[in-house]
Amino acid sequence: MGSSRRRRSLGLLAAAIACVGGGCLGIGPGRSGPEDQAPLNGETKPATEATRRLQEVVRRSLPFDDDRDFELARRGRLAGRQALRIPADGRPGSDSLAWDMTRYAFTQGEAPETVNPSLWRQAKLNRIHGLFEVVDGIYQVRGYDLSNVSFVRGETGWIVIDPLITVEAARAALSLLNETLGERPVVGVIYSHSHVDHFGGVRGVVDPTDVASGSVRIVAPEGFMEHAVSENVVAGNAMTRRAAYMFGRLLEPGPRGRVDAGLGKTTSMGRVSLLPPTDVVRETGTTLEIDGVEFVFQNTPGAEAPAEMMFFLPHRKAFFVAEEANGVLHNLYTLRGAPVRSGALWARWLDEAIALFGEELELVFGAHHWPRWGREEALDFLASQRDLYKYIHDQTLHLANLGLTPLEIAESIELPEDLALRWYDRGYYGTVKHNARATYQLYLGFFDGNPARLDPHPPAEAGRRYVELAGGGEALLRLAREAFARGDYRWVAEVVNHLVFADPGNRRARWLQADALEQLGYQAESGPWRNFYLSAARELRDATGRRAPQGSTSSPEVMAGMSSESLFDFLAVSLDGRRAAGEEMTVELLFPDREERWLLEIRRGVLRHSARRAVTEPTLSLRIPRDRFLSVLRGEAKMPALLRTGEARLEGGLVALARFAGLFERFLPDFEIVTP
Ligand SMILES: [Zn+2]
């Protein structure tokens, strides 16, 4: 049964998708030698013949005449700026914009050969921006950031749902709303979930003193604060670097560069803020009245986000799906890196939503993309998205139980047509391939069971051996260029990677690798896949590219929201275990501003913290306000200066302090990815 599954014949589209990954056997331009190829150099290249043919297959296979999404994405538009540019607070010069939609003006008309036509379609949809009426009393500003911000009209003011990533973007969206519909105060905020594109702009729509005085309520699902700050901190530096690839932050917008992230254009770049909730939703069925409007919540943790909720607005029969039903196949695994999500749980929450609200709802709207109006269409959308995640989850395990390994599953899993041919189920953000591999990982881990892959050499070591096997670098390059000429870019990427890791100074290897990844980027339907490929190509061609400005997933304000426990978890991760292996130290840390006293203990290369343990002659005792301690950790303040001004006080001597500080590493998001 397993082998018949493996051999199942693929339809035209599936063949195209398999080819996007590489192969392309049979539709490539045919065999040719390196002598008739264009010279290797560090320039970006046009689409190859193999890529052009593949885009043509996509064009013929998908229902491009179905343009209902364009109608939905434009419906109810009330206002918008012609040239949408949002300045960043306090950032002068060329890098002065938090958001600039004008740079995507090129996404119109027919897809260029360097962009997958399906992604191009999504890019055009995601460029439609402005203020939209969802239904009387419910509005959305879309296209001001990666996410949507929604507004519900209460008796006296606005209730804001998911205030974008940055203060600048959220403030601009609120002014568009107030200018168009009349000035009203913000009386409530709802964070649907713990991802930064749903809370980071909160200070752009509310003043913290109004929250403190009780005139503005902030509602969030249980576990919100913990996950909003922790998910991005302990592994934050690695995620930040990878997120720069995923959202194409190193790329210029253009037909050969950044086009779209699938979920939205990209992320705004400005000030990220966080205000803790005043009201926490703990269970499904919780009903809150905010400014005279009733909200009925469904708590849905552990699917798209560790803390997330959807809700129903009975007065308009409108259901807010948060980020659990979108105009894309979402991520069970996000390429920036995060714990894998369960497709089964995701499907269960959507199923529960249909059961709870399906008979009443007349429309659904969400945190990304455009609404679906009418009960029939809305329910069809929810049910299709539900089955999408369930299919990937169940069939991955089905194939795993037949003995297929992650790469084999990714290659053979195929959505039924009723899912695959709906635009909103397409892999613009997540992909069936990487979600299937993630599902395998969720249940079975990274190891595929074959001990040949249990303990392989690391990349540079393996690289040297593969290059030797190929008969040297020149021989490997010659073979790889033949594969390139056949359009087998996946294979080029795999073999030339060995040469790049064995000999990172080999410019021709880097250029060929860049050329192969570039074509894979042009072919990709997923925005993050394209961004990953093209970011890598850029860095291979220009090693200084990785020093381009990059946003961090953990802003000072987000870090300030961390519990001290999480802070020490992060500190423990920052400890260089090798350096600390021979050290034994105890450090008493006093945060007078929070009346906290902590004992940190370093032994055997491990940092442990406790609030309870008694102190017997610590090596050091340091008294410092917690926010100043955070500034030191972030490299924004220096401990000696704080000691001089008396902001910090120390017992135990500067030498011991220097020894302690010397055990930690400050992480910078500029490490190598595509080279050793
Ligand atoms: Zn989001």
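What follows is calculated from the coordinates using simple rules that are stated; it is not laboratory data. Predicted model only: the values in this text are computed from it and were never measured. FYI the Cβ positions are ideal-geometry reconstructions off the backbone, even for glycines, and counts take in every protein chain you see.
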task = Name the long-range amide H neighbours of V189: under 5 Å, sequence gap of 5 or more, or other chain; modelled H, no Pro or chain starts.
result = V160, R217, I218, V219
key: Set of aspartates and glutamates near K45 by C-alpha distance (under 12 Å), chain-local residues within fewer than 8 positions excluded   = E113, D515, E518
request  = Return the sequence-ordered ³J(HN,Hα) values of the range 582-593 in whole Hz as given by the Karplus equation 6.51 cos²θ - 1.76 cosθ + 1.60 applied to θ = phi - 60°, using x for Gly and Pro.
outcome  = x, 8, 10, 9, 10, 10, 8, 10, 10, 9, x, 5
task = Would you mind computing, in nm to one decimal, how far apart the modelled labels at E110 and A355 are, each placed 7 Å from Cα along Cα→Cβ?
result = 5.0
ask   = Once amide H atoms are built 1.01 Å from N in the peptide plane, which residues 5 or more positions from A79, or in another chain, come under 5 Å H to H?
value = L131
key: Qualifying lysines (Cα of each under 19 Å from Cα of K265; at least 8 residues distant if same chain)   = K124
ask   = Which ³J(HN,Hα) values, rounded to whole Hz and listed in residue order, are derived for the range 153-160 from phi using the Karplus coefficients 6.51, -1.76 and 1.60 in 6.51 cos²θ - 1.76 cosθ + 1.60 with θ = phi - 60°, glycine and proline given as x?
value = 7, x, 5, 10, x, 9, 9, 9
task = Starting from the amide H of F311, placed 1.01 Å from N in the peptide plane, find each other amide H under 5 Å away whose residue is 5 or more places distant or on another chain.
result = Q298, F320, A322
request  = Please label the shape of the range 417-491 as rounded, prolate or oblate, based on the square roots a ≥ b ≥ c of the eigenvalues of the alpha-carbon gyration tensor (a/c under 1.5 means rounded; beyond that, a/b larger than b/c means prolate, else oblate).
outcome  = oblate
remark   = Listed with the fewest Cβ neighbours within 10 Å leading, Y391, Y533 appear as Y391, Y533
inquiry  = Tell me which of A524, Q513, W491 sits at the most positive position along the dipole axis of the range 456-535, charges placed on C-beta atoms (Lys, Arg +1; Asp, Glu -1).
reply    = Q513
request  = Run the dipole for the range 297-426 about the Cα centre, Lys and Arg Cβ at +1, Asp and Glu Cβ at -1, nothing else charged, and hand back the magnitude in debye, nearest 20.
outcome  = 400
remark   = Here the gain from full extension of A661 to A238, 0.36 nm per residue of separation minus their alpha-carbon distance, amounts to 150.1 nm
task = Take every Cα pair under 8 Å in the range 334-458 that's 6+ residues apart, average their separations, divide by the length, and report that relative contact order as a whole percent.
result = 27
ask   = Where nothing but the Cβ of Lys and Arg (+1) and of Asp and Glu (-1) is charged, how large is the charge dipole of the chain around its Cα centre, in debye to the nearest 20?
value = 1840
message = Which aspartates and glutamates, if any, have their Cα less than 18 Å from the Cα of K638, not counting same-chain residues under 8 positions apart?
response = D627, E647, E651, E665
ask   = For the chain, with the dipole built from +1 on Lys and Arg beta-carbon atoms and -1 on Asp and Glu ones, taken about the Cα centre, which of T586, V293, Y443 lies farthest toward the positive end?
value = T586
Magnitude of the charge dipole, the range 590-676, Cβ model with Lys/Arg +1 and Asp/Glu -1, debye to 20 = 300
ask   = Please identify the GluC sites (Glu not before Pro) of the range 242-296 that satisfy two criteria: DSSP loop assignment and at most 13 other Cβ atoms within 10 Å. Which are they?
value = E283
ask   = In the chain, with Lys and Arg counted as +1 and Asp and Glu as -1 at Cβ, which of these residues, L164, A648, G254, has the Cα nearest the positive end of the dipole, that is, farthest along it?
value = G254
inquiry  = For a test of the definition: using alpha carbon positions, the gyration tensor, and the 1.5 limit on a/c, classify the range 54-120 as rounded, prolate or oblate.
reply    = oblate
inquiry  = Just to check I understand the Karplus step: with θ = phi - 60° and J = 6.51 cos²θ - 1.76 cosθ + 1.60, what whole-Hz values come out for the range 641-655, glycine and proline as x?
reply    = 5, 5, 5, 5, 7, x, 5, 10, 10, 10, 10, x, x, 5, 5
key: Helix-only mean residue ellipticity at 222 nm for the chain, each DSSP H run of n ≥ 4 adding -39500 (n - 2.57), per residue, nearest 500   = -11500 deg cm²/dmol
key: Value of relative contact order over the range 79-150, rounded to a whole percent, pairs C-alpha under 8 Å and six or more apart   = 24
note = Between E461 and N401, Cβ-based FRET efficiency (R0 45 Å, step 0.05) works out to 0.85
ask   = Restricting to the chain, what percent of DSSP beta bridges are antiparallel, rounded to 5?
value = 75
task = Determine the shape class of the chain: with a ≥ b ≥ c the square roots of the Cα gyration tensor eigenvalues, call it rounded for a/c under 1.5, and otherwise prolate if a/b is greater than b/c, oblate otherwise.
result = oblate
task = Can you tell me the FRET efficiency between A614 and F671 if r is taken as the Cβ-Cβ distance and R0 is 41 Å, rounded to the nearest 0.05?
result = 0.50
task = May I ask you to derive the FRET efficiency for N178 and S215 from their Cβ-Cβ distance with R0 = 25 Å, giving the value to the nearest 0.05?
result = 0.90
inquiry  = Under the 0.36 nm per residue contour assumption, what length would be gained going from the current alpha-carbon distance of V606 and E289 to full extension?
reply    = 109.3 nm
note = Restricting to Cα pairs under 8 Å and 6 or more apart, the percent relative contact order of the chain works out to 15
